[in-house]
1. Which condition from (1) hydrophobic (A, V, I, L, M, F, W, C); (2) modelled with pLDDT of 95 or more; (3) under 10 Å from the mean Cα position of the chain (by Cα) is the one that Leu32 breaks?
2. Under the condition of being over 19 Å from Ala4 (Cβ atoms) and not small (Gly, Ala, Ser), which residue from region 22-33 is surrounded by the most Cβ atoms within 10 Å (Cβ to Cβ)?
3. Filter region 1-51 down to the residues that are part of a helix (DSSP H, G or I) and of a type in the set (Val, Ile, Thr), then identify the one that is farthest from Lys63 (Cα to Cα).
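The values are calculated or read from the model by the stated rules, or taken from the named source; none is laboratory data. From a predicted model like this one, the values you see are computed outputs, not experimental measurements. All Cβ positions, glycine included, derive from the backbone under ideal geometry; neighbour counts span all protein chains shown.
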Amino acid sequence: MLFAQNEDKTMSAAYIYEKVWGREMLGDDRALQQRISSLREKIEESGYVIATVRGEGYRFERKP
(Lines give C-alpha, C1' and ligand atoms only; values in the text may rest on other atoms or scores of the structure.)
Protein backbone atom coordinates (compact mmCIF):
# COMPACT_ATOMS: atom_id res chain seq x y z
CA MET A 1 0.00 0.00 0.00
CA LEU A 2 2.86 2.37 0.87
CA PHE A 3 4.37 2.01 -2.60
CA ALA A 4 1.03 2.49 -4.37
CA GLN A 5 0.37 5.66 -2.37
CA ASN A 6 3.81 7.02 -3.29
CA GLU A 7 4.12 6.09 -6.96
CA ASP A 8 7.19 7.60 -8.66
CA LYS A 9 8.61 8.84 -5.34
CA THR A 10 11.91 7.50 -4.06
CA MET A 11 11.68 6.36 -0.45
CA SER A 12 14.65 5.45 1.71
CA ALA A 13 14.92 1.98 3.20
CA ALA A 14 14.78 3.51 6.69
CA TYR A 15 11.56 5.38 5.87
CA ILE A 16 9.89 2.28 4.43
CA TYR A 17 11.00 0.14 7.37
CA GLU A 18 9.62 2.63 9.88
CA LYS A 19 6.28 2.93 8.07
CA VAL A 20 5.84 -0.84 7.65
CA TRP A 21 7.14 -2.13 10.98
CA GLY A 22 6.46 0.94 13.10
CA ARG A 23 9.98 1.20 14.48
CA GLU A 24 13.40 2.50 13.55
CA MET A 25 15.63 0.37 11.33
CA LEU A 26 18.71 -0.46 13.36
CA GLY A 27 21.24 -1.11 10.59
CA ASP A 28 20.11 -4.50 9.29
CA ASP A 29 17.69 -4.25 6.38
CA ARG A 30 17.51 -7.93 5.39
CA ALA A 31 13.84 -8.16 6.40
CA LEU A 32 13.06 -5.23 4.14
CA GLN A 33 15.09 -6.67 1.26
CA GLN A 34 13.20 -9.96 1.56
CA ARG A 35 9.84 -8.16 1.50
CA ILE A 36 10.85 -6.07 -1.51
CA SER A 37 11.93 -9.24 -3.34
CA SER A 38 8.60 -10.90 -2.54
CA LEU A 39 6.62 -7.85 -3.67
CA ARG A 40 8.58 -7.70 -6.92
CA GLU A 41 7.56 -11.27 -7.71
CA LYS A 42 3.91 -10.59 -6.86
CA ILE A 43 3.63 -7.50 -9.09
CA GLU A 44 5.65 -8.94 -11.97
CA GLU A 45 2.68 -9.04 -14.37
CA SER A 46 1.08 -5.79 -13.19
CA GLY A 47 2.94 -3.33 -15.39
CA TYR A 48 4.77 -1.87 -12.39
CA VAL A 49 8.20 -2.43 -10.87
CA ILE A 50 9.90 -1.59 -7.62
CA ALA A 51 13.14 0.00 -8.77
CA THR A 52 16.23 0.24 -6.61
CA VAL A 53 17.66 3.75 -6.62
CA ARG A 54 21.28 3.25 -5.62
CA GLY A 55 22.19 5.13 -2.47
CA GLU A 56 18.66 6.51 -2.06
CA GLY A 57 16.11 3.71 -1.66
CA TYR A 58 13.23 2.30 -3.70
CA ARG A 59 10.69 3.68 -6.15
CA PHE A 60 7.39 2.16 -7.35
CA GLU A 61 6.90 3.00 -11.03
CA ARG A 62 5.37 1.84 -14.30
CA LYS A 63 7.53 -0.43 -16.41
CA PRO A 64 9.29 1.45 -19.19
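1. Against the list (1) hydrophobic (A, V, I, L, M, F, W, C); (2) modelled with pLDDT of 95 or more; (3) under 10 Å from the mean Cα position of the chain (by Cα), Leu32 comes up short only on (2).
2. In this case the residue turns out to be Met25.
3. Val20
So that you can scan it fast, the table gives a plain yes or no per residue for (1) exposed (fewer than 11 other Cβ atoms within 10 Å of the Cβ); (2) of a type outside the set (Asp, Glu); (3) touching a residue at least 12 places away in the same chain (Cβ under 8 Å):
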| site | (1), (2), (3) |
| --- | --- |
| Val20 | no, yes, yes |
| Arg35 | no, yes, yes |
| Glu41 | yes, no, no |
| Glu44 | no, no, no |
| Tyr48 | no, yes, yes |
| Val53 | no, yes, yes |
